[in-house]
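Derivation of every value follows stated rules applied to the coordinates shown; laboratory data play no part. Source: prediction; values computed, not measured. Glycine gets a Cβ as well: all are built from the backbone with ideal geometry, and neighbour counts include every protein chain shown.
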Ligand code: PGA
């Protein structure tokens with residue numbers, strides 16, 4: 001586990017208006033300002049980014065939930081890295097399972113990751129298996145994603161990314177069950193091994209690895225102590241300021 005920690009709030013397609021987005025961001029920001037070693041990143045729907053950029057800070061940074069790999073042009077509905085930079089966005093979630101379910105593949109995500117790094121935006125790469133069966137297929141699934149999404153990066157680029165391990169079966173209100181810290185730890189070790197084979201042992205240690213999937217304040221401490229992670233990617237609980245504050249406090253104390 002690294003000394004510095006990171007907590008990513010993934011608001012997904014919430015809240016419904018600018019007023020509520022500012023209220024929620026301001027509340028998360030006031031909590032985050034007290035942190036000693038934890039950076040908070042709020043990944044808001046794109047439409048709120050310009051207005052939230054006026055409120056963001058080093059301890060409470062702004063993130064997007066997606067971006068395109070081209071700079072500009074005929075890409076209806078898409079947003080580029082340059083546009084995100086214009087709104088002081090410093091992180092972007094890429095490869096989230098909800099976007100993979102809409103058709104994004106590792107090749108597409110890889111192009112976006114390269115563009116984010118080139119633009120000085122930290123990609124938060126989401127990887128995770130759809131299901132856990134008795135065999136080791138889930139390890140193979142995550143290796144394929146890590147290899148494919150990071151293909152062609154320089155070893156030094158690993159210091160510029162965050163990896164979120166998000167088992168798809170543990171995400172959202174319809175999740176099959178909550179993952180355990182030991183399942184998480186096993187995967188973190190495995191991801192670092194895949195990185196080590198590809199980029200060398202030293203570089204494999206550089207990216208922060210966080211866990212995502214039904215994170216709440218009840219499980220947070222156990223996951224931080226025993227999951228081998230450097231923080232969390234929080235979905236639903238990031239829309240509840242009190243619950244999110246508890247998670248941030250737990251992480252910052254560890
Ligand atoms: P959840 O979402 O915390 O609501 O399960 C996590 C995510 O999908 O990023």
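Quick notes
- Rg over Rh [alpha-carbon atoms, Kirkwood Rh] for the stretch 64-146: 1.04
- Peptides 203-212, 239-248, ordered by how many other C-beta atoms sit within 10 Å of their residues on average, highest first, read 203-212, 239-248.
- The chain: calculated mean residue ellipticity at 222 nm from DSSP helix runs of at least 4, using -39500 (n - 2.57): -12000 deg cm²/dmol
- Cα centroid separation, the stretch 1-43 to the stretch 51-128 (Å): 17 Å
- Sites residue 20 and residue 105, calculated FRET efficiency, Cβ-Cβ separation with R0 51 Å, nearest 0.05: 0.90
- Packing order of peptides 89-102, 46-59, highest average first: 89-102, 46-59 (average count of other Cβ atoms within 10 Å over each peptide's residues).
- Cβ crowding within 10 Å averaged over residues, with 61-69, 167-175 ranked highest first: 61-69, 167-175
- Computed over the stretch 26-114, the Cα gyration tensor eigenvalues convert (square root of 5λ each) into semi-axes of 26, 15, 11 Å, ordered from largest to smallest.
- For the stretch 87-191, diffusion coefficient by Stokes-Einstein and Kirkwood Rh (Cα), 4 °C, 1.567 mPa s, µm²/s: 90 µm²/s
- Size descriptors for the stretch 98-254 (Cα atoms only): Rg and Dmax, in that order, 15.2, 41 Å.
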